[in-house]
Amino acid sequence: MEVVLDGNSLSIEQIVAVARDWAKVSVSDAARQKAQRSRDFLEKCVAEDIAVYGVTTGIGEFARVRISPEQSAELSRRIIYSHSAGTGDLFPADSVRAAMLLRANVLARGFSGVRLCLIDTVLDMINKGVIPAINEKGSLGVSGDLSPMSQFAEVALGEGRAFYKGELMSGADAMKAAGVEPTDVTFKEGLGLINGSQMMTGGAALLCYDAERILKNAVIASAMTLDALRAVERAFNPLIHRERPYPGQNCIAANLLKLFEGSEIMADKTGKVQDGYSIRCTPQALGPSFDTLEHVRKMVNIEVNSAADNPLFFGDEGQYFAAGNFHGQPIGMAVDFLCIAMAEVADISERHTNRMLNPVLSGLPDFLVEGKGLNSGLMVAQYTAAALVSENKILSHPASVDSISVSADQEDHVSMGPIAVRKCGEILRNVRAVLAIEMMAAAQAFDFYPGKQPGRGTKIAYELIREKVPFLKDDRVMYPDIEEIRKLIESNTILDAVEQEVGPLLLARDMDLPRPNVPY
């Protein structure tokens, strides 16, 4: 597979293909021509001694200081050096590759004023596997992800540190081993490599991809719980949900019906009129998380295919602008919203587990094990879920509501979006574990219905879990069981098998629903 960049059409799925599956990357001829026209216009501005931010002036608070054309190359290099000021653990390789790809796409959009040879160096690094070593912490998510992108730019210069074939080495050695010729930098190109939100946006794109699969797993876990608790199926009738046409709510109701279709357990009627909220309202409670994901995907797709740089050079119009397209607020706020949405997935999952473990609510043995008193069953597995849910609530505090002024108050509003991305990744890791505990409890509950089969989709999930985790007859160490199921979720093993049986699970964007006849 080859991903061809044009600055306009890069998708989240293509980002994942490059970042994780090592798809090759190139730039379209049309994008190259547009980028060259932008560069030609920049050089014309320099030749005419026009004051251009970050080219013939300093940056930030030093924008008032003129720089001679002869000093511009040195300015670009010093910008990279001075901004390489991060700290903390290193970003994972897929996040770095995503950021490099996104920066190449920004440059390919054709407004950054950089030379084509600079774009080619970035592409060469991606295609030949040079992965800059970049510290996670230090970006404010405005004026670009300056610190992390500067560490990427160092390696493009043949400096800094990088991984090549899994080994950490100097940037010079990595570039040499990969056969990539380091670039130099001239007018604007220091800023051209670093002045955008690509580190946080690349991370956000990967989060969207992972969140989509987690949400589908959450529906499978919910279906298992509803099946095991013999939920009142009428609550998921499409007639109900089409009269409240939220796409997320409707797709979950449809998915649930498909997943527990044919269940012999649910067919054993209890005479209940309705269930508790966390059961009956699963589509209404989980649906907004599906809708939120679609909003975040929209924001990420816009940012990925935008001219997130400063200054911008419009060669065709003969105009240059210093402005603020590097500001990360759109992504910061969107990812903060995704944090809340995914934390709620774990919240309802833990409530499902609680209902299965409580004999008063479930009609099943206490904590899903016989021999109560001697055996504790899944009691403390729920404690773990509760701890992770509580942690997610803390992590869901929005990063984007904070701002600290920097650069002598020249940069006096920042997004803090990189913090949102980092904590969202932790939330997703927690959600997978909470879902694993719910699935473990539901599988255990199914075994208390001897001779009765779960639904068409829930049975597939149950059988996969039982290949890794046996029925809990007497107490045993629980964390290996949780980890085995968590890995089945993370690898999409359960999801793939279930979808192979029942067909693709619906997402909010798959729903064609009537909308209220009012303007949006």
Count, please, the residues in region 128-182 that happen to be without any contact (Cβ under 8 Å) to a residue 24 or more places away in the chain and among the polar types (S, T, N, Q). 1
Yes or no: P454 surrounded by 17 or more Cβ atoms within 10 Å (Cβ to Cβ) and either under 21 Å from M266 (Cα atoms) or modelled with pLDDT of 95 or more (or both)? yes
Restricting attention to region 468-483, does a residue exist that is in the same structural domain as H397 (by TED's automatic domain parsing), outside any loop (DSSP other than H, G, I, E, B) and within 19 Å of L215 (Cα to Cα)? yes
For V477, indicate whether it is surrounded by 14 or more Cβ atoms within 10 Å (Cβ to Cβ), at pLDDT 95 or above and aliphatic (A, V, I, L, M). no
Could you give every pair whose Cβ atoms fall below 6 Å, whose first residue belongs to region 268-289 and is under 17 Å from I240 (Cα atoms) and not assigned by TED's automatic domain parsing to the domain that holds E243, and whose second residue is loosely packed, with under 12 Cβ neighbours inside 10 Å and charged (D, E, K, R), counting only separations of at least 6 or pairs across chains? none
From the set of residues in region 375-389 that are loosely packed, with under 15 Cβ neighbours inside 10 Å and without any contact (Cβ under 8 Å) to a residue 24 or more places away in the chain, which is nearest to D336 (Cα to Cα)? A387
Give, as residue ranges, the helices (runs of 4 or more DSSP H) completely inside region 312-410 that count at least 2 residues that are not assigned by TED's automatic domain parsing to the domain that holds I214. none
Among what's in region 480-503 and is under 30 Å from G373 (Cβ atoms) and under 26 Å from the mean Cα position of the chain (by Cα), pick the residue that is surrounded by the most Cβ atoms within 10 Å (Cβ to Cβ). I485
Some residue of region 443-451 being part of a helix (DSSP H, G or I) and of a type in the set (D, E): no
Members of region 455-479 found to be touching a residue at least 24 places away in the same chain (Cβ under 8 Å), over 15 Å from A445 (Cα atoms) and more than 31 Å from the chain's Cα centre (by Cα), listed by number: D475
Those residues that are over 13 Å from A442 (Cα atoms) and not in a loop (DSSP other than H, G, I, E, B), I need them from region 484-494; list them, please. E484, R486, K487, L488, I489, E490, T493, I494
Do we find that S222 is of a type in the set (S, T, Y), at pLDDT below 95, crowded, with 19+ Cβ neighbours inside 10 Å and within 25 Å of the chain's Cα centre (by Cα) in this structure? no
For the structure I just gave you, tell me whether G271 is closer than 22 Å to R355 by Cβ, part of a helix (DSSP H, G or I) and not polar (S, T, N, Q). no
Near pairs, Cβ below 6 angstrom, 6+ apart or cross-chain, from region 232-246 (within 14 Å of L257 (Cα to Cα) and in the same structural domain as S222 (by TED's automatic domain parsing)) to any residue that is in a helix (DSSP H, G or I) and hydrophobic (A, V, I, L, M, F, W, C): F236/A253; F236/L256; F236/L257; H241/A253
When you check I214 against the structure, is it on the phi < 0 side of the Ramachandran plot, outside any loop (DSSP other than H, G, I, E, B), among the hydrophobic types (A, V, I, L, M, F, W, C) and surrounded by fewer than 18 Cβ atoms within 10 Å (Cβ to Cβ), yes or no? no
Log entry, pairs with first residue in region 1-25 being over 20 Å from M200 (Cα atoms), second being part of a strand (DSSP E or B) and among the polar types (S, T, N, Q), beta carbons closer than 8 Å, six or more apart or on different chains, reads E2/S26; V3/S26; V4/S26
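The values are calculated or read from the model by the stated rules, or taken from the named source; none is laboratory data. Predicted model, so just to flag it, every value in this text is computed and none were measured. We place every Cβ from the backbone using ideal geometry, glycine too, and count neighbours over all the protein chains shown.
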